[in-house]
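First the structure, in the form of structure tokens, and then the observations on it.
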Amino acid sequence: MKIIIAYASAGAGHFKAAQALYNCFNEKYPSIDVKLVDLLDKADGLFKYSYITFYTFMVRHAFFLWGWLFSISEKGPLKAIARKLSTASHYLNTHPFSRYLVEENPDVIISTHFASPEIAAHLFRQGKIKAKLVTVVTDFGVHPFWVSQGTDLYIGASEFTRNQLIKLGVEDKRIRVCGIPVDPKFLKIHDRDSLCRDFGIDKDAFTVLVMTGSFGIGPIEEIVKALCKEAQVLVVTASNAKLREKLEKANLPRAKIFGFVSNADDLMAVSDVIVTKPGGLSTSEILVMGLAPIFISAIPGQEHWNVEAMKSAGVGLEINDIDDIRKKVIEYRDNPEELLAVKERIRKVRKPNSAEEICDAVCQSCGRA
């Protein structure tokens, strides 16, 4: 059996989810031929550059405009026009990706970005491919662009996701709630005491992790200054070098600054609370680690739905006022029973084995497991 896992390199979450599935297939089903493909690498060069540049600009500098575009393409009189424009753009600019799918002729195409199932479904309806089409929705909410006629199986992050898919016309029998796949490192047993020694931090101190995606978005400096008076604070500035430099120069008490990290799981393991953006993949990682989240700087649209999904499960809340964030951290610090109650609810909704469940579901649908 041949499987293609397709993602788009606009936003790290789509790739990380695809990579987790790729690694799981290779480990659990080594006889299956699995390929991991960035559809933007097989698109016109100008389209790839524009796609990534536009997305990056929007999420860093134009939240309002992004929210407006998301809204008009999600509902209202312009919804159909937005879908047609998106479809036309993908068809016109991703011919190499379409040719690749036809030439490879896979048995299954798994997509972790909304563009690839649309392209694959179009090829299927034309009779150019015969693959089963599986869409892994990498947010807890569902934009209509994720739904394409001809898709055999939708993988949802939660029951919240299932309900949204059903509202968009997807039959319940085509939906499996398996979660968003995460890297296996988030599943390992972490030695908290040893990690605290390695990081040079107090293992007995109430600890807050502050990290807001690969761009270091949000009022992080102000949040850290407010929190370091109340707790030990670990700060990940990611690619925001200016922010890291400012925080290091400030020499804040009980604040430890990190740049771009590859060991987010270790930082989560030594923390009690995380202040972060509600990205789909990062939220799934937080749930797997059993860490209580406070969400900030949500991107309008998909991250708003992620917050709503967490609120509905009673495991997370969005707070954008810095003093209110400080008060909530103090509340968690001084009322450990409240924090334990949140973590207990997290244990009931998290999906730690999502990658394995998705791989199994795909193989079962093809009669291979």
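List of remarks:
- Under 14 Å from the Lys343 label point (7 Å along Cα→beta-carbon), backbone N, segment 268-286: 268-274
- Set of lysines near Lys327 by C-alpha distance (under 17 Å), chain-local residues within fewer than 8 positions excluded: Lys225, Lys229
- Of Lys185/Lys348; Lys75/Lys277; Lys42/Lys256; Lys256/Lys277, pairs whose Cα-Cα distance is over 30 Å: Lys42/Lys256
- Global geometry of segment 186-349, whether rounded, prolate or oblate, following the gyration tensor of its Cα atoms and the 1.5 cut on a/c: rounded
- Proximal aspartates and glutamates relative to Lys328, as straight alpha-carbon distance under 16 Å, when same-chain residues fewer than 8 apart are discounted: Glu222, Glu230, Asp272, Glu318, Glu337, Glu338
- Counting only alpha carbon atoms, the long axis of helix 79-93 and the longest principal axis of the chain meet at about 70°.
- Label point distance in nm, Val102-Asn163, each placed 7 Å from Cα along Cα→Cβ: 4.3
- Distance from the C-alpha centroid of segment 1-25 to that of segment 304-326: 28 Å, rounded to the whole angstrom.
- Value of relative contact order over the chain, rounded to a whole percent, pairs C-alpha under 8 Å and six or more apart: 16
Rule-based calculations on the coordinates, nothing more; no lab input. Note that this is a predicted model, so its numbers are computed, not measured. A quick note on method: Cβ atoms are made from the backbone with ideal geometry, for glycine too, and the neighbour counts reach across all protein chains shown.
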